[in-house]
1. So what are region 445-492's ellipsoid semi-axes, whole angstrom, largest first, if each one is the square root of 5 times an eigenvalue of the alpha-carbon gyration tensor?
2. Viscosity 1.306 mPa s, temperature 10 °C: what is the translational diffusion coefficient of region 47-189 from Stokes-Einstein with a Kirkwood Rh over Cα pairs, rounded to a whole number of µm²/s?
3. Take the Cα of Asp465, step 7 Å along the line toward its Cβ, and report every residue of region 106-148 whose backbone nitrogen sits under 20 Å from that point.
4. With a 10 Å radius around each residue's Cβ, average the other Cβ atoms per peptide and rank 232-245, 110-123, highest first.
5. Rounded to the nearest 10 degrees, what's the angle between the helix 293-310 long axis and the longest principal axis of the chain, both from Cα atoms, 0 to 90?
6. Taking the solvent-accessible surface of protein heavy atoms with a 1.4 Å probe, what is the per residue accessible area of the chain in Å²?
7. Carbon and sulfur: what percent of region 275-347's accessible surface (1.4 Å probe)?
8. Among 261-274, 182-195, what's the highest-first ranking by average C-beta atoms within 10 angstrom per residue?
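The values are calculated or read from the model by the stated rules, or taken from the named source; none is laboratory data. Here the structure is a predicted model, which is why all the values come from computation and not from measurement. Note that we place each Cβ from the backbone using ideal geometry, even for glycine, and neighbour counts take in every protein chain shown. These area figures cover heavy atoms from the full protein model, side chains too; ligands, DNA and RNA do not enter into them. Shrake-Rupley method; radii C 1.70, N 1.55, O 1.52, S 1.80 Å.
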Amino acid sequence: MSDTTTTHYDAVVIGAGFAGMYMLKRLRDDLGMNVQVYERGSGVGGTWFWNRYPGARCDSESYVYCFSFDDDLLQEWNWSGKYPEQPEILSYLNHVADRFDLRSGIQFNTSVTAARFNDDSGLWDVETDQGDQVTAQYVVTAIGCISTGQIPQIPGLDSFEGEWHHTGAWPHEGVEFEGKRVAVIGTGSSGIQSIPVIARESEHLTVFQRTPQYTIPAQHGTVDQAFLKEVKANYRQILDEARHTAAGFPYDASETSALEVSDEERQETYERLWEKGGFHFMLGSYSDIATDRRANDTASEFIRQKIREIVNDPETAERLLPRDHPFSSKRALIDTNYFDTYNRDNVDLVDIRHFPIEEITPTGLRTADGQEYEVDTIVFATGYDAMTGTFFNIDIAGRNGRQLREKWSGGPSTYLGVATADFPNMFMITGPQSPSVLSNMPVSIEQHVEWISDFIEYLREHAIDVVDADPQAEVDWVQHVSDIADQTMYMLADSWYLGANIPGKPRVFMPYAGGVGPYRERCDEIAANSYEGFVMSDAQEPVLAD
Ligand code: N01
């Protein structure tokens with residue numbers, strides 16, 4: 001607890017991952033504001049502080065998974081892997097925190113429990129679990145999109161006598177798998193990254209799979225030094241290009257339809273990009289695999305054929321084939337030796353789509369067909385209450401005590417994913433209905449941080465105390481987000497993008513699928529038009545921006 005008297009800040013920032021760290025730097029160092037960051041972890045890093053599971057690394061290549069705001073930082077940091085592994089990303093973020101003296105603005109081990117807008121003072125009243133009670137003109141959420149883990153409600157977990165962990169809350173001291181029988185539940189990004197590593201370390205691994213997945217090999221390795229040299233010579237240009245693409249990667253996007261080339265040519269393209277690895281397959285193959293079902297079928301079938309070739313046992317291969325949703329309708333997965341892992345003698349695959357886990361017993365798991373699986377350790381790679389769950393963990397109330405949970409009970413409603421009407425002076429970094437999780441996150445985070453800090457600077461220059469999203473601008477934005485989503489494959493799968501993984505959550509597509517480039521242009525146009533779509537006021541007089 002820092003203080004029992006009420007302290008006032010110009011801004012409170014919630015979270016000290018990529019987003020909160022950069023927001024602090026911009027508001028404190030560039031705008032000279034008095035800023036307090038609250039962070040629930042004992043260190044910086046957010047996602048990368050918590051996700052220490054075996055095999056954790058980012059699917060963005062390391063040279064683009066970084067801050068771009070400082071040329072010296074870009075030049076001096078050297079990644080060792082083609083893809084950055086969790087310990088290295090965390091070292092990088094600690095380096096950034098040291099280099100820019102960010103820790104002095106962050107209170108660690110502190111969760112914000114409430115943020116309530118005070119209609120009388122026009123300020124936010126903020127409370128933490130450490131007893132802090134402060135006021136702030138602005139509240140900025142930097143809480144991450146995927147930070148509230150979900151553990152399925154399976155009866156009997158309390159009775160389990162072994163250890164169990166969720167991938168997103170992994171013990172800092174690690175987990176010993178040697179000589180252990182392990183269950184992994186879930187085959188999303190976290191599952192498919194950890195399964196090959198746990199298989200190598202444990203005595204026996206049983207994978208409990210509900211939905212078979214498409215995944216593309218990462219083709220991970222060390223950084224190609226010649227490539228890195230070239231990148232460093234052109235870093236600014238490469239990163240600027242990335243900002244204007246669909247997903248924030250400086251990759252060549254194809255303009256060719258999968259349906260306008262011969263079968264041989266298509267096969268050759270898919271093979272080449274499979275060997276190249278990672279998101280190149282999805283972003284660089286054909287322009288319409290994310291929007292046209294027939295085009296998509298060609299990519300989906302190519303991957304199914306790969307699974308049949310890699311997995312030796314035909315029955316296991318059959319169980320691994322994704323058939324109920326098209327490729328890229330769920331988050332595209334990038335793996336290292338995932339399908340090969342099922343050729344190991346110590347690995348079994350259990351289909352829990354047809355025979356769900358009915359109970360966790362003191363010694364293991366029992367499925368609906370009566371099978372018992374004795375295990376020492378259970379790993380829940382079962383995902384997150386994404387995009388909105390972390391907001392709802394905080395008691396956020398706007399004008400007239402209106403609860404955010406209540407406003408968003410039918411799904412999130414925002415203007416640009418940055419603000420939500422009736423919650424004045426609250427900004428969200430990579431909030432729902434912005435590109436966020438459909439992009440290379442640092443690109444979207446930097447765009448929001450810079451846009452929000454420019455906006456706050458504008459408000460200060462114009463002596464405007466209070467700003468709020470215009471409800472009609474918000475309705476129009478929500479409609480636009482939904483219209484774009486309807487043109488994609490995303491609506492054809494039960495994914496966390498749609499909230500489908502959380503029982504009772506409204507089925508609403510939450511990120512913005514229009515691309516980071518067009519989104520940036522729209523945000524810049526709005527700024528150039530004196531922040532149209534926002535209502536601005538000094539203490540008394542509301543003014544609708546043109
Ligand atoms: O979570 P997920 P994640 N009973 O929701 C299954 C980012 N990320 O932690 O598909 C049984 O994707 C669920 O099954 P189904 C990335 O954006 C990035 O893996 O719903 N099974 C699924 O198999 C990613 O998308 C990186 O049928 C249940 C799995 O658990 C996001 O985080 C690395 C179940 C959950 O998959 C989340 O990934 C890691 C139940 N009740 C994460 N509930 C990189 O960049 C869920 N499942 C590398």
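1. On the way: eigenvalues 187, 46, 6 Å².
Square roots of five times the eigenvalues give 31, 15, 6 Å.
2. Values: Rh = 18.9 Å.
Stokes-Einstein gives a translational diffusion coefficient of 84 µm²/s.
3. 116-126, 134-140
4. On the way: 232-245: 15.1, 110-123: 16.9.
Ranking the peptides 232-245, 110-123 by packing returns 110-123, 232-245.
5. Once rounded, the angle reads 50 degrees.
6. With all protein chains present, the chain gives 40 Å² per residue.
7. It is 43 percent, rounded to a whole number.
8. Numbers: 261-274: 14.6, 182-195: 25.4.
Packing proxy ranking, top to bottom: 182-195, 261-274.
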